[in-house]
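Take a look at the structure set out below.
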Amino acid sequence: MLFRFIAVLAFILIGSLFFTPVSLAADGIVPAQNVAKNVQLAQRPPGQRQQQRREGRPNQQRPNQQAQPTGDGTIKITLLGTGGGPGGGGPNLITKKMNATTLVEAGGQQFLFDAGRGAMLRLAELSPQHITRTDKVFLTHLHSDHIVDLSDLFLNGGGRGGRPNFYVWGPKGTAAMTDHLAKAYDWDLSYRTNPRRQKLKMIGKDISEGQVFDNAGVKITAFDVNHWPPRKREQDREEFPALGYRLDYNGHSVVISGDTRPTGNMVTFGKGADVLIHEVHVGLDGSKRGQGGRPVRGSHHTSPIEAGKIFAQAKPKLAVYTHIVWARKSEQDLIDLTRQEYSGPLVVGQELMQILISNKVEVLKR
């Protein structure tokens, strides 16, 4: 019996000297001894989290991570998207342009104006904190290209940062829409509710022209603009309301047109603003690079020449274009047509462009 045990043990020892685990690397199978080197673990190795806690985390920001709003008296604007219409601005729909959505940070608070396709992804490009701070959205109107990311922001935005209430202001129909969205996700919301996590609530409010927000020195005023359907009549505008917004803070201001035809309210509420952000349909005017006109299908927007007249009367420190419908025209077409009426500071909005308002207005580089 002892002899048999010694023989088996000797066989095992001799085998370990002459044989290694089977290696079929040439056939695409990783050798056993190299698994740890070739496999990227989906989780931290055991004990790594505890080791990090003992040693402390490196005191440095992640790439693209930005500081919390400081409430230092400045206003920071980020054009999260600049595309016009459901297509996001033509063939660049997927690769380059997101729907027109504007982020404004002021007084230690964060405000989102519209929530078109890509709003969540653009916020994530700024920082995770920009997502978890998102709990206040102001809608200019209820077109799909201005609201499709509401659900994602509601489910994965402020609620993840300890803000269970998600507030949405907008024209008539906003409260009903948000109520339906919340009901659509009720099963999911109830499933994820527990003693440590409150049930998320989307709170919509229908608003009209006048001051709609006042907190910590930030005041937001809504005003009527004209965006009724192009093939209907002006008397139908009550059925399809649309709003622009003016945000005032620490003696500075930013005005956002939303979608609109030319309207005197843009001059009234945009007068002397630090930054006036206006939509534009480049194809509504003729240019030396191509014939234009005012097609019926685009008549619910503003042409470059018309926008130029508004800028010239309002006299902002900086005029900015967003929600740009290019209509096969170029950026130079847009600038040339605008310059027929307006000679002041002008910027054609780009994705993730940032503007800082303090004692001066600066366009920041990313």
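The values are calculated or read from the model by the stated rules, or taken from the named source; none is laboratory data. Owing to the predicted nature of the structure, the values given are computational and were not obtained by experimental measurement. With ideal geometry, Cβ positions are generated from the backbone for all residues, glycine too; neighbour counts draw on all protein chains shown.
Step by step: first the residues of the stretch 296-312, then only those that are more than 14 Å from Leu276 (Cα to Cα) and among the aliphatic types (A, V, I, L, M), then the one that is modelled with the lowest pLDDT. Which residue is that?
The residue in question is Val296.
Tell me yes or no: at least one residue of the stretch 143-166 is assigned to a loop (DSSP other than H, G, I, E, B) and in contact with an Asp or Glu (Cβ under 6 Å, 6 or more places away or on another chain).
Taking the stretch 143-166 first, the residues assigned to a loop (DSSP other than H, G, I, E, B) are 143, 147-149, 157, 162-164.
With the extra rule that they be in contact with an Asp or Glu (Cβ under 6 Å, 6 or more places away or on another chain), the set shrinks to 163.
There is at least one residue in the stretch 143-166 that is assigned to a loop (DSSP other than H, G, I, E, B) and in contact with an Asp or Glu (Cβ under 6 Å, 6 or more places away or on another chain).
Can we say Thr134 is exposed (fewer than 15 other Cβ atoms within 10 Å of the Cβ), at pLDDT below 95, polar (S, T, N, Q) and out of contact with any Lys or Arg (no Cβ under 8 Å at 6 or more places or on another chain)?
Numbers: exposed (fewer than 15 other Cβ atoms within 10 Å of the Cβ): no; at pLDDT below 95: yes; polar (S, T, N, Q): yes; out of contact with any Lys or Arg (no Cβ under 8 Å at 6 or more places or on another chain): yes.
Judged against the criteria, Thr134 is not a match.
Within the stretch 152-168, is even one residue modelled with pLDDT under 95, over 18 Å from Phe269 (Cα atoms) and over 22 Å from the mean Cα position of the chain (by Cα)?
For the stretch 152-168, residues modelled with pLDDT under 95, over 18 Å from Phe269 (Cα atoms) and over 22 Å from the mean Cα position of the chain (by Cα): absent.
Taking only the stretch 122-148 into account, find how many residues are aliphatic (A, V, I, L, M), farther than 22 Å from Phe223 by Cβ and in contact with a helix residue (DSSP H, G or I) (Cβ under 9 Å, 6 or more places away or on another chain).
Number of matching residues: 4.
Mind listing just one residue for me: the one in the stretch 92-106 that is over 16 Å from Asp259 (Cα atoms) and modelled with pLDDT of 95 or more and, of those, surrounded by the fewest Cβ atoms within 10 Å (Cβ to Cβ)?
First pass over the stretch 92-106, keeping only residues over 16 Å from Asp259 (Cα atoms): 92-97, 103-106.
Okay, now just the ones that are also modelled with pLDDT of 95 or more, so 103-106.
Working: Leu103: 22, Val104: 25, Glu105: 25, Ala106: 28.
Top of the filtered list is Leu103.
List the strands (runs of 3 or more DSSP E) inside the stretch 172-257, counting only whole elements, that have at least 1 residues being crowded, with 20+ Cβ neighbours inside 10 Å.
Details: elements: 201-206, 210-215, 218-225, 242-249, 252-256.
Hits in the stretch 172-257: 201-206, 218-225, 242-249, 252-256.
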